[in-house]
1. Computed over the Cα atoms, what is the radius of gyration of segment 120-163 divided by 2.2 N^0.38 Å, N being its residue count?
2. With each label point set 7 Å from Cα along the Cα-Cβ vector, what nm distance links Ser35 and Ala195?
3. With each run of n ≥ 4 DSSP H residues scored as -39500 (n - 2.57), what mean residue ellipticity at 222 nm is computed for the chain after dividing by its residue count and rounding to the nearest 500 deg cm²/dmol?
4. Roughly how many percent of the accessible protein surface of the chain is carbon and sulfur, given a 1.4 Å probe and a whole-percent answer?
5. Would you compute, for the Cα atoms of segment 126-219, the largest minus smallest coordinate along each principal axis and list the three values in descending order, in whole Å?
6. Identify which of Met147, Met39, Met209 has the largest mean-square fluctuation in a Gaussian network model of the chain, with springs joining Cα atoms closer than 10 Å.
7. With a point put 7 Å past each Cα toward its Cβ, work out how far Thr168 is from Ser46 in nm, to one decimal.
8. Give me the accessible area of His131, 1.4 Å probe, in Å² rounded to the nearest 10.
Amino acid sequence: MPNNGSLTSRGQNSRERILNQAAQLVYEKGVRGTSMDDMRVAASVSKSQLYHYFANKEELVLAVIERQTVNVLGAQLPLLEHLDTWENLEKWRTTIIDLKESSESLGGCPLGSLASELADQDETARVALVHSFDEWEQYFIDGFSKMKERGDLRAETDPAELACAVITSLQGGQLLTKTRKSTRPFKIALQTAYAYVFSFATNPQDVEMAKKGRSQANP
């Protein structure tokens, strides 16, 4: 595959068009249900163009994983960068639920769907997805670590464990929401994960104030 930095503007646009169409097709039909020819037709490029930018399907799938990671995390920024207060955690939860409801429960998490299909089939893709989920969890680890340092979370709190609980519940909730075509499982899963996180609060009153949308500042 050519170095992206060496591509002309036209070449970069062609590659982006292929990648965007491939990401959409894979999300809708899965990796196994999408052929290289499907991607070529959707992107309106020739076979030679397709293989100029992506040597094979495996390489294109890895690029799709990278693109979906950017898309999924990008949709949640800048909230993910400030998960260090109870109020901001509530904002993230509300926003992620709103995003799910706006999709009318159609489709699951792009990264979760890829992991479900590829984790036992493609070791290279599995490792790439591990990195994607690690990147996502790191935002929560950073936020929970700051809260622990500030004293909002008890001293025995493990930020990595809390982050894992949130992401695991998020993925499981999305799977059942996709299956049942209802956001209820998604909401319950996040509520359960947050109840676990809240159980480590040093001052439960701060949590209740955040839930009601009040300022955490002292009056």
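The values are calculated or read from the model by the stated rules, or taken from the named source; none is laboratory data. These figures come from a predicted structure and were not determined experimentally. We place every Cβ from the backbone using ideal geometry, glycine too, and count neighbours over all the protein chains shown. To get the accessible areas, we keep the full protein, side chains included, count just its heavy atoms, and leave off ligands, DNA and RNA. Shrake-Rupley method; radii C 1.70, N 1.55, O 1.52, S 1.80 Å.
1. Rounded to two decimals, the normalised Rg is 1.50.
2. In this crude spin-label approximation the distance works out to 5.0 nm.
3. Roughly -23000 deg cm²/dmol at 222 nm, from the helical runs in the chain.
4. Roughly 50 percent, rounded to a whole number.
5. 45, 31, 19
6. Met209
7. 5.2 nm
8. For His131, the solvent-accessible surface is approximately 120 Å².
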